[in-house]
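Take a look at the structure below.
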Amino acid sequence: MLHLDPQFAQDLDASDPFDTLWSMDGTVYRRAKGRKTLRFSCAGKFYFLKRHSGIGWLEIVKNWLQLKRPVVGASNEWQAIERLHSLGVPTMKAVAFGSRGLNPARRKSFIVTEELSNTLSLEDMCKDHPELVSDPRLRRRLVECVAAIAKTLHENGVCHRDFYLCHFLLRQEPRDPPHLSLIDLHRAQIQKPLSRRWIVKDLAGLYYSTLAIGLDRRDLLRFIRHYSGQRLKFTLRTERGLWSEVEQRARRMFDKLGPAF
């Protein structure tokens with residue numbers, strides 16, 4: 001199976017695009033079990049290539065025993081990117097997807113996405129530019145934007161599963177509201193309606209990743225109000241259990257892992 005954006009296919013100009021992309025060289029950004037992410041250039045543009053070479057049957061069985069759906073290839077991210085575009089949530093543009101092999105434990109697959117240039121992750125912004133985070137207007141607008149993205153995903157059955165500040169990219173240009181893109185969707189899960197378990201996982205991960213940046217109670221209440229879309233008093237009365245569960249899980253993560261950055 002192979003899908004190529006027409007312009008990217010023309011720029012790549014390969015007789016066998018699958019083999020060409022599978023052997024593509026570039027700057028390696030991440031290595032994980034059965035997966036490698038690298039950055040490369042083609043016709044003057046930069047792209048990210050994520051290659052999946054299979055995680056093995058042992059890892060697949062272990063995931064299922066832990067009630068986790070194993071990610072066995074790039075198709076998961078390909079579908080998630082399409083889903084986010086259909087929902088109007090800014091994310092990467094995928095220009096290529098390929099898959100070979102029937103054995104899910106050893107299947108080769110890849111996805112190529114355009115680089116989101118002139119962006120800064122919210123994690124890096126908080127870590128390296130604290131003066132920006134202290135700007136009350138920008139801070140308020142970012143909280144509202146992140147809440148709107150979370151609300152759209154969850155209301156439409158999408159769980160990111162790695163929902164941290166590092167996966168929100170802020171375009172570095174004056175804009176109101178700020179332009180945020182959500183990336184790294186290789187573990188995203190689409191399940192409508194989304195169960196409470198997955199909602200709590202996403203929200204707790206997000207909250208955990210903010211615990212070291214000094215959000216105050218007003219910021220948290222603003223997020224809850226925009227995420228719920230209801231009056232704050234009503235939400236705190238009817239969904240107290242949900243938000244208590246989110247906070248407890250985030251605090252456990254912090255106690256176990258320490259600050260996110």
Given the residues Val28, Val71, Val61, which is the only one that is of a type in the set (A, V, I, L, M) and assigned to a loop (DSSP other than H, G, I, E, B)? Val71
With respect to Phe40, is the statement that it is part of a strand (DSSP E or B), touching a residue at least 24 places away in the same chain (Cβ under 8 Å), over 18 Å from the mean Cα position of the chain (by Cα) and at negative phi true? no
For region 35-82, name all the residues that are among the charged types (D, E, K, R), surrounded by 15 or more Cβ atoms within 10 Å (Cβ to Cβ) and more than 26 Å from Leu12 (Cα to Cα). Glu59
Pick out the one residue from Ala14, Ala9 that is in the same structural domain as Leu102 (by TED's automatic domain parsing), closer than 18 Å to Ser99 by Cβ and in a helix (DSSP H, G or I). Ala9
Starting from region 225-244, take each residue that is closer than 19 Å to Cys145 by Cβ and in a helix (DSSP H, G or I) and list its partners that are among the acidic types (Asp, Glu) and at pLDDT 95 or above, counting only C-beta distances under 9 angstrom and pairs at least six apart or across chains. His226/Glu144; Ser228/Glu239
Out of (1) out of contact with any helix residue (DSSP H, G or I) (no Cβ under 7 Å at 6 or more places or on another chain); (2) at pLDDT below 80, the one Pro70 does not meet is (1)
Select from region 87-139 the residues that are among the acidic types (Asp, Glu) and surrounded by 15 or more Cβ atoms within 10 Å (Cβ to Cβ) and list them in ascending order. Glu114, Glu115, Glu123, Asp124
If a residue has to be closer than 17 Å to Lys256 by Cα and within 16 Å of the chain's Cα centre (by Cα) to count, how many in region 186-225 make the cut? 8
Need at least 3 residues that are under 24 Å from Trp78 (Cα atoms), touching a residue at least 40 places away in the same chain (Cβ under 8 Å) and not assigned by TED's automatic domain parsing to the domain that holds Leu38 per element, so show me which helices (runs of 4 or more DSSP H) inside region 113-171 make the cut, counting only ones lying wholly within it. 136-155
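The values are calculated or read from the model by the stated rules, or taken from the named source; none is laboratory data. In this text, all values refer to a predicted model and were calculated from it rather than measured experimentally. Cβ coordinates were reconstructed from backbone atoms using ideal geometry, including for glycine residues, and neighbour counts include every protein chain displayed.
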